[in-house]
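Input: a single structure, listed below in structure tokens.
The values are calculated or read from the model by the stated rules, or taken from the named source; none is laboratory data. All figures in this text were calculated on a predicted structure; none of them were measured in a lab. Note that each Cβ is placed from the backbone with ideal geometry, even for glycine, and that neighbours are counted across all protein chains shown. Ligands, DNA and RNA are excluded from the accessible area calculation, which covers all protein heavy atoms including side chains. Shrake-Rupley method; radii C 1.70, N 1.55, O 1.52, S 1.80 Å.
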Amino acid sequence: MKVLAMYGSPRKEGNTTLLLQALVKGLHAQGGSATEIFLCDLQILPCVADHSCSQSGECFLQDDMRMMYSHLVTHDCIVLAAPIFFYGVNAQTKALIDRSQALWARKYVLKLPVGASEIKKKGIFISVGATKGAKLFDGTLLTVKYFFDTINAELSHALLHRSIDGAGEILKHPDALQEAYDLGRSLAASEGIV
């Protein structure tokens, strides 16, 4: 199984980054590996909603999303880690999701395959938010579920942590890091991840 680990945070030492790194360490400990991508290192332009993707199944914008389309459709397990900004994912992550409209158009408008296989992939979402609000993750989870559906993935795990804000603050929560590490190990052990 090919795992794609997407670091959505604008901070490379951010809390979601540390959690995803723990998951990847768990994968490595069990003999697995992952393609790791920091979205903040990429140039992903915002969607301009010209709807040309509804005719072609392709986005006309020329940027790093071209590479990401390939990763999104060729990996079997998609792990997305993104912080909560104003009760939604941060801008770098949202740009990736919005630009996946081209894949949505392929699947639902043009009725074309998205990737080589229509078998459901695993989708994992990791997120951290500063507030304690009971509905902190509600809207984001809906967005992530629809994003995963577009790329033929199903949300199988969500590691969500409230009341964490400062850079590196997740390090004060070793149980959260252990949970991410254990999930990485279990993914590798149960799925024969390569």
Amide N proximity, region 74-89 versus residue 135 label position 7 Å along Cα-to-Cβ, cut-off under 18 Å = 84-89
Take peptides 166-178, 29-41 and line them up by average Cβ neighbours within 10 Å, highest first, as a rough protection proxy.
-> 29-41, 166-178
Dividing the Cα radius of gyration by the Kirkwood radius, what Rg/Rh value follows for region 1-126?
-> 0.98
List every DSSP H helix in the chain whose Cα atoms extend 15 Å or more along the helix's own long axis and whose mean Kyte-Doolittle hydropathy is at least -1.0.
-> 15-29, 138-150, 174-191
Local electrostatic count, residue 161, Cβ distance below 12 Å [Lys/Arg +1, Asp/Glu -1] = -1
Determine the principal axes of the Cα atoms in region 47-194, then give the extent along each, sorted from largest to smallest and rounded to whole angstroms.
-> 49, 37, 26
Here the relative contact order (percent) of region 1-131, from C-alpha pairs under 8 Å and at least 6 apart, is 35
What's the extension gain from residue 112 to residue 157 if we count 0.36 nm per residue and subtract their Cα-Cα distance?
-> 13.4 nm
Counting DSSP beta bridges with both ends in the chain, the antiparallel % (nearest 5) | 10
If you roll a 1.4 Å probe over the heavy atoms of the protein chains, what accessible area per residue do you get for region 1-75, in Å²?
-> 45
At a 1.4 Å probe radius, carbon and sulfur cover how many percent of the accessible area of region 46-132?
-> 63
Estimated 222 nm signal from helices in the chain, with DSSP H stretches of n ≥ 4 weighted -39500 (n - 2.57), rounded to 500 | -11000 deg cm²/dmol
Quick one: what does P(r) look like for region 43-101 with 10 Å bins over all Cα pairs, in whole %?
-> 21, 50, 27, 2
